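The values are calculated or read from the model by the stated rules, or taken from the named source; none is laboratory data. What you see is a predicted model; the values in this text were computed from it and never measured. Methodologically, a virtual Cβ is constructed for each residue, glycine included, from the backbone with ideal geometry; neighbour enumeration extends over all protein chains shown. Ligands, DNA and RNA are excluded from the accessible area calculation, which covers all protein heavy atoms including side chains. Shrake-Rupley method; radii C 1.70, N 1.55, O 1.52, S 1.80 Å.
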Amino acid sequence: MKKIPHRIYLTEEHMPKQWYNIRADIGEIPPMLNPKTLKPITVDDLSLVFTKVAAEQELDTKNAFIPIPDEIRDRYFAYRPSPLVRAYNLEKSLGTPAKIYYKHEGNNTSGSHKLNSALAQAYYAKEQGIKSLMTETGAGQWGTALSEACANFGLELTIFMIKSSVAQKPYRKVIMETLGSKVIPSPSQTTEAGKRILADNPDSPGSLGCAISEAVEASMRDEYSRYALGSVLNHVVLHQSVIGLESKIALEMYDEYPDVVIGCAGGGSNLAGLIAPFVRDKVKGKGGPRIIASEPISCPSLTRGKYAYDFCDVQKVTPLTKMYTLGSSFIPATSHAGGLRYHGMSQIVSKLYADGIMEAVAFGQAKVFESAVYFAKNENILPAPESAHAISAAIDLALECKKTGEAKTILFGLTGLGHFDMTAYANYNDNLLSDGSPTDEELEVSFSKLPDIRR
Ligand SMILES: *Cc1c(COP(=O)(O)O)cnc(C)c1O
């Protein structure tokens with residue numbers, strides 16, 4: 001066997017020419033429903049809000065492989081294929097016989113995997129003759145990624161950024177503005193949804209659900225404007241499949257195959273993208289690894305949620321989706337893993353979890369930051385708090401291997417960098433992190449408000 005280097009770099013020729021559409025292989029998923037008619041959503045319904053191609057990809061259950069347009073691949077080449085790193089130093093420090101690999105998606109300005117879908121969505125908008133995109137951002141990674149993509153393809157971008165995040169991460173706003181985007185703290189007076197929320201509570205710190213409602217409303221005002229979302233949806237998962245496809249190719253070059261694949265789960269897009277080709281092996285009867293989703297105990301959609309139809313936003317304008325959810329009225333306790341604070345979960349991840357193809361674990365902030373710092377001290381990358389959920393799960397497994405003596409091969413997704421999370425790290429250093437986890441009673445109240453739809 002060839003000696004495995006610390007960083008496995010693929011060349012441009014290795015970069016996938018097609019995305020993998022996991023939906024073609026995992027069986028039927030209950031359809032998304034139009035919130036007004038309760039009928040299955042159509043491409044025409046979705047095209048009012050998203051670009052036409054995104055709408056088609058969203059509902060495509062037939063085509064397992066979808067070509068990546070050359071214009072998008074050319075943009076991917078600026079930062080892809082991303083390195084697959086063998087964490088030799090981490091392994092040594094843990095004293096584990098396990099082999100640990102991570103796929104590093106932090107090497108673009110957004111510091112996250114989100115550019116993989118942002119580029120695709122911006123490209124399809126440009127092709128359709130759309131002039132401007134609207135979106136929301138919580139922690140700021142998605143807004144930054146879409147700013148990069150819109151700058152690449154010459155589109156205008158308006159971003160509704162959660163007001164409390166603007167205060168917490170002021171430099172994120174500066175990056176987005178530097179790349180030419182307009183950033184509006186949400187809730188704002190520029191939309192009816194924002195005005196309604198401000199009338200109730202002038203000091204509202206904002207929320208992801210509210211920012212989504214504002215961005216959707218703003219995009220509906222103009223026929224040359226569309227909305228773009230950075231996670232949860234099937235077309236986003238499709239674009240993120242480059243993460244898993246590249247990982248599989250890189251491992252194959254060294255005759256490696258993972259025993260376990262781990263990803264952090266917010267809306268589920270990086271996780272689903274990372275595991276997609278391995279799930280394919282599993283459903284095609286070719287073995288396949290153990291798959292683990294890692295989420296925060298403050299927002300435990302998989303580990304404590306219900307598999308039920310629910311709305312994707314607070315104002316209930318988005319399609320009803322069958323997913324693991326804490327209820328669209330659930331407001332998670334504040335946590336520094338902003339990218340993981342979503343009440344629901346991608347349909348695809350939900351289906352895989354319901355079918356037992358995947359497991360899930362949840363961690364509190366203290367443990368997550370301890371793992372993050374341990375990782376940084378050994379691998380010289382300060383991870384995003386979101387990514388550190390996957391690191392925590394990987395370290396736990398590696399320590400189990402140390403006990404049993406098994407040399408398991410572990411692959412996890414390092415979704416991004418923590419450079420903009422200094423408030424979070426400062427709180428960890430000062431012992432100020434708290435772990436709000438919902439009580440069963442709180443969840444019951446939220447579940448009782450779920451729409452009554454059984455399918
Ligand atoms: C947004 C984000 C996540 C979570 O989003 P998913 O859709 O669940 O992948 C994880 N890590 C980072 C760095 C992010 O920016």
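Quick one: which helices (runs of 4 or more DSSP H) sit completely within the stretch 140-182 and have at least 3 residues that are among the charged types (D, E, K, R)?
170-178
Within the stretch 81-90, being part of a loop (DSSP other than H, G, I, E, B) and open to solvent by less than 10 Å² (accessible area, probe 1.4 Å) holds for Ser82, Pro83, Ala87. Scanning the stretch 50-79 for residues that are of a type in the set (A, V, I, L, M) and open to solvent by 30 Å² or more (accessible area, probe 1.4 Å) yields Val53, Leu59, Ala78. On the given criteria, is Thr303 in contact with a Cys (Cβ under 8 Å, 6 or more places away or on another chain), β-branched (Val, Ile, Thr) and either surrounded by fewer than 23 Cβ atoms within 10 Å (Cβ to Cβ) or assigned by TED's automatic domain parsing to the domain that holds Phe369 (or both)? Against the criterion (in contact with a Cys (Cβ under 8 Å, 6 or more places away or on another chain), β-branched (Val, Ile, Thr) and either surrounded by fewer than 23 Cβ atoms within 10 Å (Cβ to Cβ) or assigned by TED's automatic domain parsing to the domain that holds Phe369 (or both)), Thr303 does not qualify. Output the residue which, of all residues in the stretch 127-152 that are surrounded by fewer than 19 Cβ atoms within 10 Å (Cβ to Cβ) and at negative phi, is nearest to the ligand (Cβ to nearest atom). Ranking the candidates gives Ala151 first.
Among the conditions (1) away from the ligand (no atom under 13 Å from the Cβ); (2) open to solvent by less than 50 Å² (accessible area, probe 1.4 Å); (3) closer than 29 Å to Arg7 by Cβ, the only one that Ala372 does not satisfy is (1).
So that you can scan it fast, the table gives a plain yes or no per residue for (1) open to solvent by less than 10 Å² (accessible area, probe 1.4 Å); (2) within 9 Å of the chain's Cα centre (by Cα); (3) within 12 Å of the ligand (Cβ to nearest atom):
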position	(1), (2), (3)
Ser241	yes, no, no
Ile249	no, no, no
Tyr254	no, no, no
Ile262	yes, no, no
Gly268	yes, yes, yes
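Is it fair to say Met345 is within 16 Å of Ser231 (Cβ to Cβ), within 16 Å of the chain's Cα centre (by Cα), within 12 Å of the ligand (Cβ to nearest atom) and among the hydrophobic types (A, V, I, L, M, F, W, C)? For Met345, the condition - within 16 Å of Ser231 (Cβ to Cβ), within 16 Å of the chain's Cα centre (by Cα), within 12 Å of the ligand (Cβ to nearest atom) and among the hydrophobic types (A, V, I, L, M, F, W, C) - is met. Once the stretch 271-304 is narrowed to residues that are within 11 Å of the ligand (Cβ to nearest atom) and under 18 Å from Ala372 (Cα atoms), the residue that is farthest from the chain's Cα centre (by Cα) is Pro296. Applying the set (1) farther than 30 Å from Pro40 by Cα; (2) at pLDDT 95 or above to Gly338 leaves exactly one unmet item: (2).
For every residue, the table says whether it meets (1) under 30 Å from Lys131 (Cα atoms); (2) of a type in the set (Lys, Arg); (3) free of Cβ contacts under 8 Å to residues at least 12 places away in the same chain.
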| site | (1), (2), (3) |
| --- | --- |
| Glu13 | no, no, yes |
| Lys52 | yes, yes, no |
| Pro83 | no, no, no |
| Ile100 | no, no, no |
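Of the residues examined, Gly106 is one that is touching a Ser or Thr at 6+ places or on another chain (Cβ under 9 Å) and more than 26 Å from Phe311 (Cα to Cα). Looking at (1) surrounded by 17 or more Cβ atoms within 10 Å (Cβ to Cβ); (2) more than 14 Å from the chain's Cα centre (by Cα); (3) touching a residue at least 60 places away in the same chain (Cβ under 8 Å), which is the only condition Met220 fails? Every listed condition holds for Met220 apart from (1).
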